[in-house]
Amino acid sequence: MKEFYIGIDSGSTMCKAVLFDGKNLVDTYIIKTGWNPKISASECLDHLLEKNTISRDNVNITATGYGRETIDFADNIFTEITCHAYGGIYLKPEIQGIIDIGGQDSKVIQIQNQRVADFLMNDKCAAGTGRFLSMACEILDIKLEDIDGFTDIIDPISISSMCTVFAESEIIGLLSMEKDRSKIMGGVLQSIAQRIRAMTGKINYDLEAPILMSGGLSKSKALIEMISKITGLKVETHDNALFAGAIGACICAYNKNN
Amino acid sequence: MAKNALPSAFENFADARKEGFLTVKNLKDEGKKVVGTFCAYTPVEIFLAAGAVSVGICSFSDETIPEAEKVLPSNLCPLIKSSYGFAITEKCPYMYFADLIVGETTCDGKKKMYELLGDIKNVHVMQLPQTQTDEASIEMWYKEVLALKEKVEKEFDVTITEDDIKAAITIKNEERMLLQEFYNLSKSCPPPITGTEQLKVLYGSQFKFDYESKNKELRDVIDKVKKDYEDGVENVSKSAKRILITGCPLAGVTEKVVTAIEDSGGVVVAFENCIGVKTADRLVDENEEPYKAIADRYLQIGCSVMTPDTNRYDLLSRLVEEFKVDGVVEMTLQACHTYAIETAQIRKLMQDRDVPFISVETDYSTADVAQLKTRLAAFIEMLV
Ligand code: SF4
Ligand code: SF4
């Protein structure tokens, strides 16, 4: 029986990997996915093995995320929905759901009795995804990691276009009217939160129980605050929320074997 | 799930649409009249009674959509665009051979497309009511059925006798009973056949024009499947999650939904779609006045074009029980408003019954195959 588990969450922008010993999270690693999800995934694997001096034969590898099917050296494959849910439960056992905003999709999961009960996914349009936010950051000339200090979430300027392409021209229009950039950014976060509400509204969430925000954007306090405000739900995060998918991949494999 | 080779019994149906092309051409050469239909509400008994051949001409491929979009808006249901596209490009032999096309005032998109189609083909549109229980609607639909009979008699220069229509009712009912017997086989756990196999027969049976030999072939398929099952041939794994599909018409390119389910540890046991239970579930009452019986039977088909669509809810609730379904997958086509809106009611219906439910929207492209796979695989993982 293999002693260690490695979960690789190959997302559209970042490849996240974790090492798990069946009980504890031992190590994490994140790199850009790049053009070839298989290469970045094996890079993550090599790094974790080397750094923790573990032999390849002693790990059970599970792939998830958008690039999961290409990772042919994985022992198991699970979808990112299941993995985010189990990873989320591991990080915060009391959660009733997950909100995950990824690079090219966003999803909302309902958890009941420690299992996925329902989920909704937006992968048809870029609105409400990380791509929408990157686009806005680029036009407004703000670094993604700086949005928290920069954004005015109290008095945002609403962006009415749902479509990224139109929203882009709307933002350019606002800039030409010399509107405050921090308020425009507030509007961008508001618009993302509204797309999330369109999904959370379809699920019977409890207003009191916490929901974990996972994925890359879980680092942004401003976005989490905006989502809580718009959805009326108790949205929280965790230091390792970025790795929820990869952790969940290990848990799924662990559960399968035990 | 390991893909099994189709039992030889399915071969007869697998290529029925293509093989039917030649048959229809020959029938045409013999002087037979051909009627193209678009919808489950079309009372085909009338064409049978008139000695004509009727064939479904809804299109399920994106091949002609770019042509269609020269006339139609791009933000329209792909089924409508593609069907119209096949008509204007003369690429669908059935459409090409059709002497008459019969449509109904169902959804807005189809209704308006028929007007345009009328410029190039001989189109008759039946006015379908939007409710199913009030006297006025029932009366109106009965009159529409009678008007169709007159139209067909005039167009094809025939007289439909009482015996003709009764015989048509009987043979069509026979087909429905056989189809029911066939899809009901999947009530067994595990089902004897996959959803892909089931769909081949349901879809293929539309393109067989000699009812007597078609009904015999259906009988053969049923017997063969039953025998294999009794002999212990295990075609589907016991652990496969039992899925019911509902929603917009599903065939051709949208079979990608079935594939995604069956490649992820699920098996489709029932199709509550137009190619499926919806069209075979009810029989025409053979003891009533024929045209009244036909009108009453067709009007009660559940479809989101009806308001309220109680018959769909009832049928779904029944099928979920009877087929011991683990989860329901709804497929809606992009820009199909009636189904997309009704999703909220179907989701609620399933939540109330504690049946896991997912709705996926798709179109006639294959661009979303990976996305569909993720959603449907996640849905099936959820059912464990
Ligand atoms: S879905 Fe409704 S409108 Fe469309 S073909 Fe079927 S019965 Fe007719
Ligand atoms: S799928 Fe919907 S929009 Fe398309 S023809 Fe049928 S009812 Fe109309």
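In region B:298-335, the residue that is farthest from B:Arg375 (Cα to Cα) out of those that are in contact with a strand residue (DSSP E or B) (Cβ under 7 Å, 6 or more places away or on another chain), more than 13 Å from ligand 2 (Cβ to nearest atom) and among the charged types (D, E, K, R) is B:Lys324.
Screening B:Lys241 on (1) in contact with a strand residue (DSSP E or B) (Cβ under 9 Å, 6 or more places away or on another chain); (2) more than 14 Å from chain A (Cβ to nearest Cβ); (3) away from ligand 2 (no atom under 16 Å from the Cβ) shows it passes everything except condition (2). The residues of region B:69-112 that are more than 20 Å from the chain's Cα centre (by Cα) and of a type in the set (Phe, Trp, Tyr), listed by number, are B:Tyr96, B:Phe97. Scanning region A:114-123 for residues that are without any contact (Cβ under 8 Å) to a residue 24 or more places away in the chain and within 7 Å of chain B (Cβ to nearest Cβ) yields a single hit, A:Asp123. Is at least one residue of region B:125-135 more than 23 Å from the chain's Cα centre (by Cα) and assigned to a helix (DSSP H, G or I)? Checked region B:125-135: at least one residue is more than 23 Å from the chain's Cα centre (by Cα) and assigned to a helix (DSSP H, G or I).
For region A:2-55, the set of residues classified as of a type in the set (Phe, Trp, Tyr) and in a helix (DSSP H, G or I) is empty.
If you check A:Phe20, A:Phe78 for being of a type outside the set (Asp, Glu) and within 14 Å of another protein chain (Cβ to nearest Cβ), only one passes: A:Phe78. Looking at region B:346-359, is at least one residue surrounded by fewer than 19 Cβ atoms within 10 Å (Cβ to Cβ), touching a helix residue (DSSP H, G or I) at 6+ places or on another chain (Cβ under 7 Å), touching a residue at least 12 places away in the same chain (Cβ under 8 Å) and within 12 Å of another protein chain (Cβ to nearest Cβ)? Yes: region B:346-359 contains one or more residues that are surrounded by fewer than 19 Cβ atoms within 10 Å (Cβ to Cβ), touching a helix residue (DSSP H, G or I) at 6+ places or on another chain (Cβ under 7 Å), touching a residue at least 12 places away in the same chain (Cβ under 8 Å) and within 12 Å of another protein chain (Cβ to nearest Cβ). Of the candidates B:Gly56, B:Gly85, B:Gly36, the single residue that is touching a residue at least 12 places away in the same chain (Cβ under 8 Å), more than 30 Å from B:Asp281 (Cβ to Cβ) and within 16 Å of ligand 2 (Cβ to nearest atom) is B:Gly85. Taking (1) open to solvent by 10 Å² or more (accessible area, probe 1.4 Å); (2) at pLDDT 90 or above; (3) away from ligand 1 (no atom under 16 Å from the Cβ); (4) in contact with a helix residue (DSSP H, G or I) (Cβ under 8 Å, 6 or more places away or on another chain) in turn, B:Phe21 satisfies each apart from (2). Out of all the residues in region B:101-115, which are within 14 Å of ligand 2 (Cβ to nearest atom) and assigned to a helix (DSSP H, G or I)? Residues satisfying the conditions are B:Asp108, B:Gly109, B:Lys110, B:Lys111, B:Lys112, B:Met113, B:Tyr114. Scanning region A:85-106 for residues that are open to solvent by 10 Å² or more (accessible area, probe 1.4 Å) and closer than 19 Å to B:Ile380 by Cβ gives A:Tyr86, A:Asp105. Scanning region B:368-382 turns up no residue that is in contact with a Phe, Trp or Tyr (Cβ under 6 Å, 6 or more places away or on another chain) and within 10 Å of another protein chain (Cβ to nearest Cβ). The single condition from (1) in a loop (DSSP other than H, G, I, E, B); (2) within 16 Å of ligand 2 (Cβ to nearest atom) that B:Pro43 fails is (2). If I ask for residues that are closer than 15 Å to B:Thr332 by Cβ, open to solvent by 10 Å² or more (accessible area, probe 1.4 Å) and either within 14 Å of chain A (Cβ to nearest Cβ) or within 14 Å of ligand 2 (Cβ to nearest atom) (or both), which ones from region B:245-264 would you list? Within region B:245-264, B:Pro249, B:Val253 meet the criteria.
Of the residues B:Thr37, B:Thr106, only one is touching a strand residue (DSSP E or B) at 6+ places or on another chain (Cβ under 8 Å), of a type outside the set (Asp, Glu) and either under 21 Å from B:Tyr298 (Cβ atoms) or open to solvent by 20 Å² or more (accessible area, probe 1.4 Å) (or both); which?
Residue meeting the stated conditions: B:Thr37.
The values are calculated or read from the model by the stated rules, or taken from the named source; none is laboratory data. Values in this document were obtained by computation on a predicted structure and should not be read as measured data. We place every Cβ from the backbone using ideal geometry, glycine too, and count neighbours over all the protein chains shown. Calculation scope for accessible area: heavy atoms of the full protein, side chains included, ligands and nucleic acids excluded. Shrake-Rupley method; radii C 1.70, N 1.55, O 1.52, S 1.80 Å.
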